[in-house]
Amino acid sequence: MLVLKFGGTSVGSVENIRKVATIVEGISGPKIVVLSAMSGVTNGLQKISNLLRVENVQEAKAEIELLHHKYKEVVQELYEDNDSFYKANVMISYNINLLLDYAKSDFTENIDKLILAQGELVSTNLFQLYLEEQNLSSALISALDFMQIDAHGEPQLDVIGERLSKVLKTHNKVDIFITQGFICRNKNNEVDNLKRGGSDYTASIIGAVVQANQIQIWTDIDGMHNNDPRFVENTFSIEEISFDEAAELAYFGAKILHPQSIIPAKEKNIPVLLKNTFKPEAKGTLIHTNAKPQNIRAIAAKDNITAIKIKSYRMLMAYGFLKKIFEVFEQHKTSIDMITTSEVAVSLTIDNTTRLDAIVQDLEGFGSIEVDADLSIICIAGDIAQNRKGITASIFKSLEDIPIRMISYGGSNYNLSFLVKTSDKIAVLNLLNNGLFARKPNEQSIQV
Ligand code: ASP
């Protein structure tokens, strides 16, 4: 069994939906196809929900109308057969009426989740109708019948596996199963979701529970690149990468993959192939356990980082100090990305600043506090621990003119991170690119 996940852009237009169908048809054997909502739709639904939250029903209805218009245009162009066209229109009207009903009811968190779920429900229905029209034998299976999270929002893999296997068994002679990414049921059996960008996670969970041969994540870029192509010229796509390195990159800025999504695949040792819907012939990137080690695999940057420094002479030779600091962050449900310590100070970074003022207030009891905003973490991923002679020297040499606020290495063998001003980020990415990778594209050797 293969699991293929297509993101929002891949199902974002009639032309792209057709491309996805061609890709799915061209891959032999049984497969579960996980789809996101059409690009922009979940944002639109989020906007509708936010408007209803503040009781702005009028504007919410206008947004629903915009969505209806978008769907009608797609349906008009996608189907050639009258029957499919009719069925798709009925489905869309039903969906839009549902949104209008939600707009009339009293807003609750549950309504918010129901609204957000509609994007994936529509995209999968449209796709199933399209495959039917193409005479492909496929079955639409609802993620709401098997995707289950517990009271902490964690997927319940055993339950999901059991339910999914029952659902699959009800369909004979079907090779293509289509289902929704992102949506699930919570412990109260209500419709819920795996958080924004969660469709990758769905694919990885499904891949893990069915012990898939491979999970393929189809996006609009040909795999993970060795550097950020938005800021650096001549980046190239990485052919293979280990789970650990991919996890570091996904967390520290490589937008191609939802960071959490790698975990179930990694735990069950299922290779994940990142592919480009618009360039299916490109090899893409294979994330797997046997990736040949390489000192430096890739560089990524994560913005909107805030650093907090806690300076206290009470820390000198004391124990239990860090515990107290961590407790403050735990209380405020704020996770820490990077941390460095000296005898009298601790510096750490966060990316969620919603509780910053309260955190600073609580930390003031421990010493003097300094806060710096507008920073970026630059993550260098690779098998750095192998420590081939000169690697760290080339990193530091490349950055000799850049002020560095923090350095973190040794937490994981696969990551060396720097904290720099966001205004220096593009320069840093380019300097590291020139210093660490051979200039020629498609050549993954390192210049040391
Ligand atoms: N449609 C959801 C979102 O935009 C989930 C996903 O596409 O991964 O966040």
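Things worth noting here:
- Global size of region 319-448: 17.2, 53 Å for Rg and Dmax (C-alpha atoms, Rg to one decimal, Dmax whole).
- Label sites at Asn135 and Ala427, each approximated as a point 7 angstrom past Cα along Cα to Cβ, lie 6.4 nm apart.
- FRET efficiency, Asn172 to Glu239 (Cβ-Cβ, R0 30 Å, nearest 0.05): 0.20
- Helical contribution to [θ] at 222 nm, DSSP H n ≥ 4, -39,500 (n - 2.57), averaged over the chain, rounded to 500: -12500 deg cm²/dmol
- On the beta carbon distance between Ile402 and Glu77, with R0 = 45 Å, the FRET formula returns roughly 0.35.
- Per the Cα gyration tensor, region 156-246 maps to an equivalent ellipsoid with semi-axes of 31, 17, 12 Å, ordered largest to smallest.
- For the pair Asn413 and Glu364, label points projected 7 Å from Cα toward Cβ lie 4.6 nm apart.
- What the Cβ-Cβ distance of Thr341 and Gln46 gives, at R0 = 51 Å and to the nearest 0.05, is a FRET efficiency of 0.85.
- By average C-beta atoms within 10 angstrom, highest first, the peptides 101-111, 142-152: 142-152, 101-111
Readers should treat all values here as calculations from the given coordinates under stated rules, not as data from a laboratory. These numbers come from a predicted model, not from an experiment. With ideal geometry, Cβ positions are generated from the backbone for all residues, glycine too; neighbour counts draw on all protein chains shown.
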